[in-house]
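Derivation of every value follows stated rules applied to the coordinates shown; laboratory data play no part. Not measured: the values here are computed from a predicted model. All Cβ positions, even for glycine, are placed from backbone atoms using ideal geometry, and neighbour counts span all protein chains on display.
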Amino acid sequence: MLKEEIKFRIADAIDAEVIASLVNSVYRGEGAKKGWTTEADLLGGIRINTEMVNKLISSPGNIILLALINDKIVGCVHLEKKNSNKCYLGLLSVDVNYQNKKIGRAMIDKCEAYAKNIYECDEMEMRVFELRKELVEFYLRRGYSLTEKREPFLDNSHVGIPKVRDFFLL
C-alpha cells in the first residue's frame, strides 16, 4: 500500500513531454520489463510522442488525468468522449516504481466518475492486446466485460511495430 497521498489533476500542454516519457517507460524498452504492464516483448518502437500527447490534451472531449505523489507525475490515463453515452479509456500508465499500489485503480475510478458526471456517459470502452492476458484479467476484475470485437493489429508505426505474429486487439 502507498503511504504518500495521491493527488490528481488534468494535464496541460506543459506536461506533454513528461507524459510521453512516462508512457514509453511503462510500455516499452528494458525498463518497462520491471513492471507488469510492459509490451516490450510484443512491440518495438515508442508508444507515443510529445506531439501526440499535445494533440490529445488540446482536442475537445479529451483529457489526460495525472496521478501525482509529492508533485511528481507517477501515472496518467487518457479519457475521450466518443458519443452521447460512451467514453474511451486508454494510455493507462503507472511508473514501474509505483505499480501494485492501487494507483491505476484510483485513476480508473476518477475517469469513470469524470465520464459519468462531466461527460454524462454511462459506457466505457477500451482496446487491449489479446496477448496481454494479465491486463485483460485486470479489467475483468474491475467489472469490465469482453465484447465480440476482435481485430488484427496492423503495422501501426504510431503505436509500435509488432514483434510477434497474429497480434489482435480486443
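Each residue in Thr147, Thr50 was given a count of other beta-carbon atoms within 10 angstrom of its own, and listing them fewest first yields Thr147, Thr50. Here, segment 6-126 is characterised by an Rg to Rh ratio of 0.96, where Rg is the alpha-carbon radius of gyration and Rh the Kirkwood radius. Calculated FRET efficiency, Asn70 to Glu151, Cβ-Cβ distance, R0 = 45 Å: about 0.65 to the nearest 0.05.
Compared with the direct C-alpha span, the chain from Glu137 to Asp109 gains 8.4 nm at full extension, assuming 0.36 nm per residue.
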